[in-house]
Structures are given as C-alpha cells and as structure tokens.
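The values are calculated or read from the model by the stated rules, or taken from the named source; none is laboratory data. Just so you know, these numbers come straight off a predicted model, no measurement behind them. Cβ: placed from backbone, ideal geometry, glycine included. Neighbour counts: every protein chain shown.
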Amino acid sequence: MDWGMKNRLSQLIKPNGRCMYMPIDHGYFQGPTSKLERPGETIKPIIDYADALFCTRGVLRSCINPENSKPIILRVSGGTSMVGKDLANEVLTTSIEEAIRLNASGVGLSVFIGSDYEKETLLNLSKLVDEAERYGIPVMAVTAVGREMEKRDARYLALCCRIAAELGARVVKTYWCENFDKVTNGCPVPVVMAGGPKTNSDVEVFEFVHDGMNKGAIGVNLGRNIWQNEHPVAMIRALRAIIHENATVKQASDLFHSVKNEKKK
C-alpha cells in the first residue's frame, strides 16, 4: 500500500481502528430531505463529533467550510431519483480528477446486488477502483438495497460485502442484521454500518450499533438517526461513546439523556 493510500485511510479510520462517518448525501436521489434542506446549518452543531462526512460535490462546494472541514468521502454515483423507475440504475457521476481537486480522502458509490442493474453497478465499482487506486484514493462500496428491505439478512449482506471487497473496495458500508458476525467474518476489508431510515426508538439505534461493533464492524456511516433526531448533539455523542469508548447501550442511553437535559437548561 502506497503512502497516499495509507495517509488517506488514516484520516478515515482512527488509530483505534474505528470510525464514525456522517452521511449527508441523501439529496442526490431524495432531493431536500427532511432536516437536510440546508445541510451546512444542519451539521454545524454535530460535525465536530464526526470522523468524516459522506457527501456529494455539490453540497461540499456550497455548504461545507473548506477552512474547517472533516475528511471527506465523496459520493460519486447517482443518476436516478425516488420518482424514477429504478433506483439501482446508477452510473458514475463524478470523475476521479474532481475528487482530487476537492481533496477527498475517499470516494464512495452504491452497488445493487440482485437488482436488474447488478452487473452495471459492479462494473461502476470496478472502474472506480481502477481509477482511484491510481491516485491512492480508497473506495467505499455501499451495499444498497433500494426499496427491497426484505433482503437485509446475513446471507445476502455477506454476499454483497464479499463481492465488493473482491472487486477492490477498501471499505464496505452495509446494513446491520441479525447474525451480523456472518457478514463481517466473510469480508476481508473493514465494514461500517449504515443507519437506515429514522427509527422511533433511540435505544434501538444504540442496540444495533453496539451489537454490530461487538460483531466486527469498525464503525458507522449513519445520518438520519442523528440529524433527524430531535436532539442530534445528544445522539451523536452517545453513538460516538459506543464506537470510540466501548460504552454499553445503557451508558450511551444515559449520556444521551444527560446531554439532552443539558441543552434544555
């Protein structure tokens, strides 16, 4: 592994081997997502607690302060929307030269295993790896499932993660599931957990993140369950405690309520 690759990975994965990424890329197919209408304002109180941001070039240029930014994982796939016929029909939308120009620490794209566009999205990944490796830029593959949430089981997600790793992804983002160790044990590169849609229970989020960390994940790439939460600072601090301080679910929950009550005063 060359110096540039090692340096960028060290920005994205902390010395303890863990990470907390915050995605704000949802607008690339959802438009002005709730609580993310003004991304720069949304992340102001919480960005200090994230290890890296996952975003598109448009949001990066217009909403993120270049003089005080976290490391950036640049979303480079897209081409579909929620009102289109198939979310899986993505292409590469941003060149590697643009990622270099924007000083990205990594790039990320989605792959849709089992969809009608499986082959195309896997070829997108392969092409991106070829180009990114040339410049020492790590690729994060996102194992997207579109609207077909029933696919979130260990066998399916293990298949997705292993294929992404085999094609050269340096990090894989996937969903937590029961028997999550079957996913991480079969993937030879680091695995981070997606947050998924906003849940109605804060404790539920703490539980799956804690379980995933115990079963081999190195961290999360979690957005909506933080910035759509009524108390985003409390939420991100509680999750950070699980990831970087080995906090239990109860300790995370106690911290959440403590920070939330401090903000009320």
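Looking only at segment 103-115, filter to residues that are touching a Leu at 6+ places or on another chain (Cβ under 6 Å) and farther than 30 Å from Arg155 by Cα; which one of those is surrounded by the most Cβ atoms within 10 Å (Cβ to Cβ)? Only one residue fits best here, namely Ala104. Has segment 182-200 got at least one residue that is in contact with a His (Cβ under 9 Å, 6 or more places away or on another chain) and in a helix (DSSP H, G or I)? No, segment 182-200 contains no residue that is in contact with a His (Cβ under 9 Å, 6 or more places away or on another chain) and in a helix (DSSP H, G or I).
Among the criteria (1) closer than 16 Å to Val139 by Cα; (2) surrounded by 12 or more Cβ atoms within 10 Å (Cβ to Cβ); (3) in contact (Cβ under 8 Å) with a residue 40 or more places away in the chain; (4) not hydroxyl-bearing (Ser, Thr, Tyr), the one Lys14 does not fulfil is (1). Can we say Glu204 is acidic (Asp, Glu) and either in a loop (DSSP other than H, G, I, E, B) or in contact with a Pro (Cβ under 8 Å, 6 or more places away or on another chain) (or both)? No. Taken over segment 15-56, the residue count meeting the criterion of being in a loop (DSSP other than H, G, I, E, B) and touching an Asp or Glu at 6+ places or on another chain (Cβ under 6 Å) is 1.
In this structure, does Gly219 turn out to be in contact with a Cys (Cβ under 6 Å, 6 or more places away or on another chain) and modelled with pLDDT of 95 or more? Answer is yes for this residue.
Please tell me if Gly212 is touching a strand residue (DSSP E or B) at 6+ places or on another chain (Cβ under 6 Å) and either of a type in the set (S, T, N, Q) or farther than 20 Å from Gly17 by Cβ (or both). I'd like the intermediate steps shown before the answer.
Details: touching a strand residue (DSSP E or B) at 6+ places or on another chain (Cβ under 6 Å): yes; either of a type in the set (S, T, N, Q) or farther than 20 Å from Gly17 by Cβ (or both): no.
When the stated conditions are applied, Gly212 does not pass them.
Among the residues of segment 148-203, write down those that are in contact (Cβ under 8 Å) with a residue 60 or more places away in the chain and of a type in the set (S, T, N, Q). Across segment 148-203, there are no qualifying residues.
For segment 160-176, give me each residue that is outside any strand (DSSP E or B) and either at pLDDT below 95 or within 17 Å of Tyr21 (Cβ to Cβ) (or both).
Residues satisfying the conditions are Cys161, Ala164, Ala169, Arg170, Trp176.
Given Ile242, Ile226, Ile236, which one is free of Cβ contacts under 8 Å to residues at least 60 places away in the same chain, assigned to a helix (DSSP H, G or I), among the aliphatic types (A, V, I, L, M) and closer than 27 Å to Ser34 by Cα?
Numbers: Ile226 fails: free of Cβ contacts under 8 Å to residues at least 60 places away in the same chain; Ile236 fails: free of Cβ contacts under 8 Å to residues at least 60 places away in the same chain.
Only one candidate qualifies: Ile242.
Checked against (1) farther than 16 Å from Ala52 by Cα; (2) modelled with pLDDT under 95, Gly195 passes all but condition (1).
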